[in-house]
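Reading through the structure tokens given below for one structure.
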Amino acid sequence: MASIARNFEELFGRKPEVISEAPGRVNLIGEHIDYSEGFVLPFAIADRTYAAIASRSDGLVRIASHQRKEKIFSIDIHDVKPGSKGEWEKYVLGVIWSLGITNGVDILVDGNVPAGAGLSSSAALECSVAVALNQLFALNKTLQELARATQKAENDYVGVPCGIMDQSVSLMAHAGAALLLDCRDLSTESVPFSVADAGLELLIIDTQAHHALVDGGYAERRASCESVATKLHIPSMRNLTLEVLTAHRSEVSDIEFIRARHAVTEIARVQEAVVALRASDFAELGKLINESHNSLRDDYAVSCPELDVAVEASLSAGALGARMVGGGFGGSAIALIQADNLVKTREAVTLAFESHGFKKPRFFTSLPSAGASASLV
Ligand code: GLA
């Protein structure tokens, strides 16, 4: 992105030293199990956030966004700690804080990851800044360390109790592949995801719905899984099987039981999805995607009417599988469809939304893309 260097120079009156980029993501399967040390199978989308950055010797941190050019946010590096000022800038400040940066910097960000669509524009922002700082100050952090640092920024600085999936895939993804991530140790495997070769397309449906439940609902789901782990004396849902959970049913509440059932079955579905993908068995993949949605809707209760309608309309238009993605309570759904059926599926979803009186949905498609990168200017 050549224009970001030019824009940086116009805004700050000097050249950037490093330019970086990091993508948003879509999760194929493995939802709400990253914080339970499960497996997830996301891929990076083509849309990304760019950062241009240069160090300063006066300890000042200045942050600007190409989308909100009128305002340059400014803070002394010594004041960069949780609870200090900032709005969206907190995502940037959090990374500066969690990486222990003590120098001043000028940062300009720019990007095209749709915000509020559940495609992890926040992780893209955090990771673009993290790889830029890593390069600028020669921090020599591994991608795993950067993933942990950006998650810490979001958890402890911004105050969002997210897991590790979004940042990991934004940093570690490979083009043309989904990323099998083991959230226990952050080891990864690339799983080729070539839907186009099979005449298929992965349609992303932004429901444009954002429900107020989001924050509390996410933390509450996390707490249920942690409570089950404590009661059953295991480190996390990763150590649980359906048989053991069923045998100990009386030791957990009814809500905890169904939340844990989602986690356990979803971890198994990810492993089955990898086998299906490797065999190019897209019918099986579609079936697993549908099961994931049903489990998220019924056991985990993180879906919402807009997501359910998007899924149902896609399936009735012939999708092989469809499900909500991300944290839920709004945001996006995905549908694995025949490429020929793209227009028909979009029309079916649009019509269904109209007849329910929902906002007009937005549609995207994206090939699996590469993860973050940074280079000296
Ligand atoms: C959000 C969080 C992730 C993950 C998903 C649900 O996107 O940021 O860490 O928990 O929800 O899978």
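The values are calculated or read from the model by the stated rules, or taken from the named source; none is laboratory data. Quantities reported herein were computed from a predicted structural model and do not represent experimental measurements. All Cβ positions, glycine included, derive from the backbone under ideal geometry; neighbour counts span all protein chains shown. The area values use the complete protein model at the heavy-atom level, side chains included, leaving out ligands, DNA and RNA. Shrake-Rupley method; radii C 1.70, N 1.55, O 1.52, S 1.80 Å.
Worth a mention:
- All positions within the range 1-39 that are open to solvent by 30 Å² or more (accessible area, probe 1.4 Å) and charged (D, E, K, R): 6, 9, 10, 14, 15, 17, 21, 37
- Residues of the range 131-160 satisfying the condition of being without any contact (Cβ under 8 Å) to a residue 60 or more places away in the chain, among the small types (Gly, Ala, Ser) and surrounded by 21 or more Cβ atoms within 10 Å (Cβ to Cβ): 147, 149
- Criterion applied to 128, 187 was being more than 14 Å from the ligand (Cβ to nearest atom) and open to solvent by 20 Å² or more (accessible area, probe 1.4 Å), and the one residue passing it is 187.
- Within the range 295-310, being away from the ligand (no atom under 16 Å from the Cβ) and either open to solvent by 10 Å² or more (accessible area, probe 1.4 Å) or without any contact (Cβ under 8 Å) to a residue 60 or more places away in the chain (or both) holds for 298, 305, 306, 308, 309.
- Among residues of the range 161-177 that are within 9 Å of the ligand (Cβ to nearest atom), those with a beta-carbon under 6 Å from a residue that is modelled with pLDDT of 95 or more and basic (Lys, Arg) at least six positions away or on a different chain give the pairs 166/25.
- Search result, residues across the range 87-125 that are over 23 Å from residue 12 (Cβ atoms), under 14 Å from the mean Cα position of the chain (by Cα) and either more than 16 Å from the ligand (Cβ to nearest atom) or open to solvent by less than 10 Å² (accessible area, probe 1.4 Å) (or both): 117, 119, 123
- Test for residue 263: is it open to solvent by 60 Å² or more (accessible area, probe 1.4 Å) and touching a helix residue (DSSP H, G or I) at 6+ places or on another chain (Cβ under 8 Å): no
- Some residue of the range 222-235 being in contact with a Phe, Trp or Tyr (Cβ under 6 Å, 6 or more places away or on another chain) and in contact (Cβ under 8 Å) with a residue 24 or more places away in the chain: yes
- Residue within the range 218-229 that is within 16 Å of the ligand (Cβ to nearest atom), under 30 Å from residue 81 (Cβ atoms), polar (S, T, N, Q) and surrounded by 14 or more Cβ atoms within 10 Å (Cβ to Cβ) present: no
- Within the option set 317, 273, 313, being over 19 Å from residue 199 (Cα atoms), modelled with pLDDT of 95 or more, buried (at least 16 other Cβ atoms within 10 Å of the Cβ) and not charged (D, E, K, R) holds for one residue only, 313.
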